[in-house]
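One structure is given here, and the rest of the page talks about it.
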Amino acid sequence: MNSIKTINDRYLQMLAADPNACVELGLEKNLDQLPDPSLKELARTEQQASELHKEATLLAGDVTDFHQQLDMQLIALSAAQQSLHCALRFNGKLQAQQLPDAGDEISAGIFYLVTNDPRPAEARLENILARLRHVPTYLQKMLARLDTPVARWVDIDLETVAGLPDFFETILAWADEEGFSRRDELEAAIKQANAAMTEYATSLSAMPTTNAFSIGAEQAQALVSSKGIELTLAEIHQIACDFVTRTQRQIEELRGVLVARHGLAASTTASELQEFLEREHAVEVTENNLGQVIERYQNISTELEIFVKERALFPIPDQQTMKIMQTPAFMAPMIPAGAMMPPPAMRTGIRTSMVYLTLSPELLKEHTELGIPLMMVHEGIPGHHLQLSTAAMHSSVIRRTFSANEHAEGWTTMLEDYMLDQNLMGDLTDEARFVTKLDLSRIGARVAIDLYFMTGDTRYLDIGYELEFDGDDPFANAAKLLIAATGFSAGRAEAELNWYSQERAYPLSYLVGNHLVWQLKSDFQRATAETMTPDEQDRGFHRIYLESGNMPVAYLRKVFEHELQDPL
């Protein structure tokens, strides 16, 4: 019989097999490598994950300690996710054969080496140099893997690859700033990589393509279940319908209140009111000094942490910090708007999140005194930074590293309402809630489009908007809904839909997570109504949620029941 240590070691080996995961998680392995995109490696990964799933499942049935059993169940679930991802099929072929993602796979690890690695620049540039030298071989393996790829995914990869030379040029500029000892070798490797990418783009463009990318209802349900989400596709769709009805009613109620409060015409629409509030609450900038916007983010982040600590709403560990900075000029092409990078889960020391903001005069209207506090609630304390830095301190490897999107996004979207309920915005609570509800409208559309893209069933697009979806192009149908729900420009909608189509069952995690977290909190409050005050209930819920580590909300429910010694 395998031991707990053996299964944990095999789990780490599974993670470390992906060089990009090593960089992202802070593992000191395979930093000089690129992932192997070959079908042979895919088959090896699937077999390794399948074996780990069986072994962890067996051990979970034998151990009696609650937390050890839960960890084995989580490792088994993670392995099952990996196995299913490798085996996913449509059009009679593996998804991997139809998904060209060279641009992302080449750049992802290098991006983290540049932006969120505390080691000296010399060591990081050595790793980047080694990775760039692997680019030509990587691209040959990618082309050998592909067979009639999805047309939209080809376009995405071609666009990503086309942007990499500029990315690499910024790395060369960084190497010059740092006086990198192997600067000339780096330049030569970049030229070789660029030439290989030009050949790759030519070959990829010449391939026959398909427009069909749905995986069908059965695989879609299997994919959702592999995430630890214990809901049917129909139940998830109903959650979206209910959310849209509820949110539209709240937006209309708040619109009526705010139009009257600000002396606007009764006919003022929600979008017109939003524009008015953006102007009224714009961040003050003198002489086009964009650094003042960064200062405002930093100050609000500090104020928010003080607000939380004064009320003792959440446990905040000492060994964590978050840095907010304007994107350095050489990194701006990599981060066109902004990026939040959580602490690498396996890196020791102070858990540090990095927030980069790429600013321009044209984008100033997006940074307001209403939006910034709620953005920092979502990304900072008590949001992603607090949740993920606390999880990164957990003694369990699986709970540090498990990717549970509905757990993370459910937490942060719940907080946006909760912190307003705590009077974070004072007299501006209604204004802040209005712009927050408008922004959150997108998560209902995300559910509908995610289900539609996975299954190909247009009925999932019907969530309460009076629209017809009778076109043959799934992206055109999805864009119609997304624009109606959010007011996004066509360009922004297209960019959103690109990742919806590839990150199956991730877009739906925002609303599903929000629903499950509020449901879990309501059940916890009901179970503790006679033993805790409302403030104690909040603090107790937040403590267990944060200190339990990363896992699906359905598994977290087991932790709450274990703590209470009572089913919820």
**Q.** Residues of the stretch 501-527 classified as more than 18 Å from the chain's Cα centre (by Cα) and under 20 Å from D242 (Cα atoms), total
**A.** 6
Q: Select from the stretch 258-289 the residues that are more than 20 Å from K437 (Cβ to Cβ) and assigned to a helix (DSSP H, G or I) and list them in ascending order.
A: none
(Q) Test of understanding: among L481, L508, L461, which residue is out of contact with any Phe, Trp or Tyr (no Cβ under 7 Å at 6 or more places or on another chain) and either at pLDDT 95 or above or not aromatic (F, W, Y) (or both)? (A) L508
**Q.** Subset of the stretch 112-128 (residues that are farther than 19 Å from D36 by Cβ and either at pLDDT below 95 or surrounded by fewer than 21 Cβ atoms within 10 Å (Cβ to Cβ) (or both))
**A.** V114, T115, N116, D117, P118, R119, P120, A121, E122, A123, E126
(Q) For F213, only one of the following conditions fails: (1) crowded, with 20+ Cβ neighbours inside 10 Å; (2) in contact with a Leu (Cβ under 8 Å, 6 or more places away or on another chain); (3) aromatic (F, W, Y). What is its number? (A) (2)
Q. Just for helices (runs of 4 or more DSSP H) wholly inside the stretch 35-100: which have at least 1 residues that are under 19 Å from V559 (Cα atoms) and not charged (D, E, K, R)?
A. 39-62, 66-87
(Q) Exactly one of these conditions fails for C86: (1) closer than 28 Å to E199 by Cα; (2) in contact with a strand residue (DSSP E or B) (Cβ under 9 Å, 6 or more places away or on another chain); (3) touching a residue at least 60 places away in the same chain (Cβ under 8 Å). Give me its number. (A) (3)
**Q.** Selected residue [over 30 Å from A76 (Cα atoms) and buried (at least 17 other Cβ atoms within 10 Å of the Cβ)] from F541, F488, F560, F524
**A.** F488
Q: Please verify whether the stretch 346-358 includes one or more residues that are surrounded by 21 or more Cβ atoms within 10 Å (Cβ to Cβ), in contact (Cβ under 8 Å) with a residue 60 or more places away in the chain and of a type in the set (V, I, T).
A: no
Q) Which residue, of G109, G103, is over 23 Å from A206 (Cβ atoms) and not hydrophobic (A, V, I, L, M, F, W, C)? A) G109
**Q.** Tally of residues being of a type outside the set (S, T, Y) and outside any loop (DSSP other than H, G, I, E, B) across the stretch 299-318
**A.** 11
Q: Please name all residue pairs, on different chains or six or more residues apart, with Cβ atoms under 6 Å, provided the first residue is in the stretch 459-487 and is farther than 17 Å from L497 by Cα and free of Cβ contacts under 8 Å to residues at least 24 places away in the same chain and the second residue is surrounded by fewer than 19 Cβ atoms within 10 Å (Cβ to Cβ) and among the basic types (K, R).
A: L467/K480
Q. Is it fair to say R249 is of a type in the set (D, E, K, R) and loosely packed, with under 14 Cβ neighbours inside 10 Å?
A. yes
Q: Report, by residue number, each residue of the stretch 275-302 that is free of Cβ contacts under 8 Å to residues at least 60 places away in the same chain and within 23 Å of S353 (Cα to Cα).
A: G291, Q292, E295, Q298, N299, T302
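The values are calculated or read from the model by the stated rules, or taken from the named source; none is laboratory data. The structure presented is a predicted model; accordingly, all values stated were derived computationally and were not measured. So basically every Cβ, Gly included, is an ideal-geometry build from the backbone, and we count neighbours across all protein chains shown.
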